[in-house]
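Every read-out reported here was derived from the displayed coordinates using simple, explicitly stated rules and does not represent laboratory data. Predicted model, so just to flag it, every value in this text is computed and none were measured. Neighbour counts are summed over all protein chains in view; Cβ atoms, including those assigned to glycine, are modelled from backbone coordinates with ideal geometry.
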Amino acid sequence: MPSYLVETYLARGDAGERSAREGRARSAAEGLTREGTRVRFVGSTHVPEDELCFFVFDAESARDVVLVAGEARLEALRVVEAVGSGVAGVGRPEPS
């Protein structure tokens, strides 16, 4: 299943809000999965210097991630597919 990054704005000193958003993201992903749309919340990374926070989801499509981000009130700036080696929780290694 592909991985996607949801890019959001998050002020430097607002780590408490990150935790709240993580809870909403997890809950929204679980709710959509129960309804038949498979989405899994993987984790988040806050970049305080840039005031950005990235939420990682595994899902069948970007559309599904847009739905979960809206449900979780993440106020996404953009949603993009992510491919990685598992560093910082982003993506899984691509098969050889």
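Listed values, structure above:
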quantity: Shape metrics for segment 3-84, restricted to C-alpha atoms - Rg then Dmax, Å; calculated: 11.8, 38
quantity: Exposed-site-free run, longest, the chain (rule: GluC sites (Glu not before Pro); DSSP loop; at most 14 other C-beta within 10 Å); calculated: 1-34
quantity: FRET efficiency, ALA15 to VAL66 (Cβ-Cβ, R0 25 Å, nearest 0.05); calculated: 0.50
quantity: Cβ-based exposure ranking for LEU74, LEU32, in which fewest neighbours within 10 Å come first; calculated: LEU32, LEU74
quantity: Spin-label model distance (nm) - ARG78 vs ARG38, 7 Å beyond Cα toward Cβ; calculated: 2.8 nm
